[in-house]
Amino acid sequence: MTNEHDAVTESDLHAFVDDCLPPQRRAEVESYLAAHPQEATRLQAYREQSAALHGLFDPVLGEAIPTEMLHAPRRSPWQRWLTHGIAAALYVLVGIAGGWWLHGVQLRDVNVPESLVKQAATAHAVYTPEKRHPVEVTSDQEAHLVKWLSKRLGAPVHAPNLSAFGYQLVGGRLLPAPNGAAAQFMFEGAQGNRLTLYVVQNAAAGEPTAFRFARNGDIRLFYWIEGPLGYALVGKLERAELLKIATAVYHDISR
């Protein structure tokens, strides 16, 4: 007889994360996860990423419809059909892309800067509010942390020194990413405010990029690509101040 744990598929696991399983199958998956703590940890990370994305982007759903859209001219049946058709096609494509991402398929044509921004902002939103477990390895084990993360990312990484800006290293953690592994270093200021440096494998092997800026609400980040790695410095600082720190980070890691 086949063990029920062996029958648990990746689709079952993602349906479990999305709360889409019937009660009996959910119980079987829970039993499987109890016997496979690494898988349970991976699914918990997916849950946290999903919650963070909803927290970042769901407020847009509540925004008022622009006045100019409310008073848009009437369209012909042909125009309405074309618009709905395009929207439906985009909806399907977005759904397919999201499924590929969740299943860890390596999309070699991935837009690295776009995915880097999403991953870095999500990780920042998930872990910086944590009081007891903000990092996986604390700063008193920095040498071990850097060696471990460098091995997992396949390239040398290290935590920059931000003491000149009033930030001390809290520690770091390993994170999953669409194209492999990612690392997050966390820093804390005297007032408890936190910055994170997100480092991810540059699977698309893109050319080095100059600093680019992105913002979502009060979360701001500067990101760039250098060699085999992509970087993003994330925090709730004014753009000019964050740029100063990002520049120092760039010079520190480039030595």
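Here are some notes:
- For segment 151-161, 3J(HN,Hα) per residue [Karplus equation, 6.51 cos²θ - 1.76 cosθ + 1.60, θ = phi - 60°, Hz, x = Gly/Pro]: 5, 6, 8, x, 7, x, 10, 7, 8, x, 8
- Ascending count of other beta-carbon atoms within 10 Å, so fewest first, for 42, 220: 42, 220
- Phi angles across segment 239-248 convert, under the Karplus curve 6.51 cos²θ - 1.76 cosθ + 1.60 with θ = phi - 60°, into 3J(HN,Hα) values of 4, 4, 5, 5, 5, 4, 5, 4, 5, 5 Hz, Gly and Pro given as x.
- Temperature 10 °C, viscosity 1.306 mPa s: under these conditions the Stokes-Einstein estimate for segment 112-253, based on its Kirkwood radius over C-alpha pairs, is 107 µm² per second.
- Ranked 252, 12, criterion: other C-beta atoms within 10 Å, fewest first: 252, 12
- Given charges at beta-carbon only (K, R positive; D, E negative), |dipole| of segment 112-253 in Debye: 220 debye
- Exposure proxy ranking, count of Cβ atoms within 10 Å, fewest first, for 234, 8: 8, 234
- Under Karplus coefficients 6.51, -1.76 and 1.60, residue-wise ³J(HN,Hα) of segment 22-31 in Hz, glycine/proline x: x, x, 5, 5, 4, 5, 5, 5, 4, 5
No lab work stands behind these numbers, since they all come straight from the coordinates. From a predicted model like this one, the values you see are computed outputs, not experimental measurements. Quick reminder, even Gly has a Cβ in these numbers, built from the backbone with ideal geometry, and neighbours come from all protein chains shown.
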